[in-house]
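*Asks:* Supplied in structure tokens, the structure appears directly below.
The values are calculated or read from the model by the stated rules, or taken from the named source; none is laboratory data. Computed from a prediction, not measured in an experiment: that's the story for all the values here. Counting neighbours? That spans all protein chains shown, and the Cβs are built from the backbone with ideal geometry, glycine included. The protein model used for the area step is the full one, side chains on, heavy atoms only, and it has no ligands, DNA or RNA in it. Shrake-Rupley method; radii C 1.70, N 1.55, O 1.52, S 1.80 Å.
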Amino acid sequence: MKFPKQYTLKEIASLIGCDFVGNEDFPVLGMNEIHVVEPGDIVFVDHPKYYDKALNSKATIVLINKNVPCPEGKALLISHDPFRDFNKLTQFFKPFRQTNKLISDSAIIGEGTIIQPNCFIGNNVIIGNNCVIHPNVCIYDDTVIGDNVIIHAGTVLGASAFYYKNRPDGFDQLLSGGRVVIKNNVHIGALCTIDRGVTGDTVIGEGSKLDNQIQIGHDTSVGKKCLIASQVGIAGCVIIEDEVTIWGQVGSTSAITIGEKAVILAQSGISKSLEGHKTYFGYPAEESRLKLRELALIKKIPDIIQQLKNKV
């Protein structure tokens, strides 16, 4: 998430009420999660296990819960609760904005686009030309949709990320200030849910086709010309490269990469990154020819045991 203007380190520290290490005029341009940070961004870290990763990331401002040595060329925001203060910044720069209309006055809708009854289109949504948005679709604020996109009934674009911190008194949600971006020529089936990024974008690439009842988690990037069948669940921060095919009821863990032109067979579970140009099956998902050979051998175990008994 980039801020509307450049802020200083002192100004940001004042917003969240914390101390800082570095020049008070140190430039702050935005805030992002660790996997998408750039110079000028704030990243937060609240566990010693991840201190080095955050301090050595591309982010030049680290919101941290310990006063540690500051890397050269960077600045620190010292907070008792970085998670809470990251939420404060999200609330300040991307506050919830109520609307009393089904289609916000700030939405931009392209030529030839058809919006069927009972759709909700939020603030600052952009929809391109020659799209069809079927009934009861809900498009949250800041979503961007390209040209020639079809979205079927009941789909929700831009709901909050499923991202919580477990505290003694319950779960504390990390607020979402990112977007959903749908590229040109995408088809999205009925009752799909695509969550917005926490600070960045959840992206569905050009020409990709999604079946019904699919869940795409926050900050996930789906490449060009991908095919995803029904009841697939993709976790947050997943990279799906171009021309990947995922068949029904596949589930994935977060923060992995599925390589170009990979094929994931139905009901597989993806627990780690997968190379492209291969077909996978099972849980944990492995190359299908190996997995199917294992299953065939397992079926032979009773016969092998009986043969051994007969020899005794």
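*Asks:* Cross-link partners among aspartates and glutamates for LYS5, C-alpha distance below 15 Å, same-chain residues fewer than 8 apart left out?
*Replies:* Those aspartates and glutamates meeting the cut-off are ASP25, ASP41.
*Asks:* While we're here: Considering only lysines 8 or more places apart in sequence, or on different chains, count the pairs in segment 155-232 whose C-alpha atoms sit under 18 Å apart.
*Replies:* 5
*Asks:* Roughly how many percent of the accessible protein surface of the chain is carbon and sulfur, given a 1.4 Å probe and a whole-percent answer?
*Replies:* Taking all protein chains in place, the chain shows 53 percent carbon and sulfur surface.
*Asks:* Another question, if that's okay. What is the dipole size for the chain, taken about its Cα centre, with +1 at each Lys and Arg Cβ and -1 at each Asp and Glu Cβ, in debye to the nearest 20?
*Replies:* With Lys and Arg at +1 and Asp and Glu at -1, about 1080 debye.
*Asks:* On average, how much accessible surface per residue is there in segment 1-108, in Å², for a 1.4 Å probe, leaving out ligands, DNA and RNA?
*Replies:* About 56 Å² of surface per residue is accessible.
*Asks:* Further question on the same structure: Which is farthest toward the positive dipole end of segment 269-312 among ILE301, ALA285, GLY269, measuring Cα position about the Cα centre, with Cβ charges +1 (Lys, Arg) and -1 (Asp, Glu)?
*Replies:* Going by the charge dipole, the pick is ILE301.
*Asks:* Of LYS10/LYS88; LYS272/LYS300; LYS58/LYS272, which pairs sit farther than 19 Å apart, going by alpha carbon to alpha carbon?
*Replies:* Correct reply: LYS272/LYS300; LYS58/LYS272.
*Asks:* Okay, moving on. Given the options ARG179, ARG289, ARG167, which has the most mean-square fluctuation in a GNM of the chain, springs set between C-alpha atoms less than 10 angstrom apart?
*Replies:* Of the options given, ARG167 has the highest mean-square fluctuation.
*Asks:* Taking only protein heavy atoms into account and a 1.4 Å probe, give the accessible area per residue of segment 162-248 in Å².
*Replies:* 41 Å²
*Asks:* Could you point to the residue in LEU89, HIS35, CYS70 farthest towards the positive end of the chain's charge dipole, with +1 and -1 charges on the Cβ of Lys/Arg and Asp/Glu respectively?
*Replies:* Result: HIS35.
*Asks:* Suppose only helical runs count, i.e. DSSP H with n ≥ 4. What mean residue ellipticity at 222 nm does that imply for the chain under -39500 (n - 2.57) per run, divided by all residues and rounded to the nearest 500 deg cm²/dmol?
*Replies:* Per the formula, -4500 deg cm²/dmol.
*Asks:* Another one. In whole Å, what is the distance between the alpha-carbon centres of segment 99-145 and segment 1-72?
*Replies:* That distance is 35 Å.
*Asks:* Sticking with this structure for a sec: With axes computed from alpha carbons, what is the tilt in degrees of helix 288-299 against the longest principal axis of the chain, rounded to the nearest 10 within 0 to 90?
*Replies:* Helix 288-299 sits roughly 50 degrees off the main axis of the chain.
*Asks:* Taking the Cβ of GLY236 as the center, what net charge do the other residues with Cβ under 14 Å away carry, scoring Lys and Arg +1 and Asp and Glu -1?
*Replies:* So the surrounding residues net to -3.
*Asks:* If you work out semi-axes √(5λ) of the Cα gyration tensor in Å from the coordinates, which of (i) 39, 30, 16; (ii) 31, 26, 23; (iii) 35, 21, 17 do you get?
*Replies:* (i)
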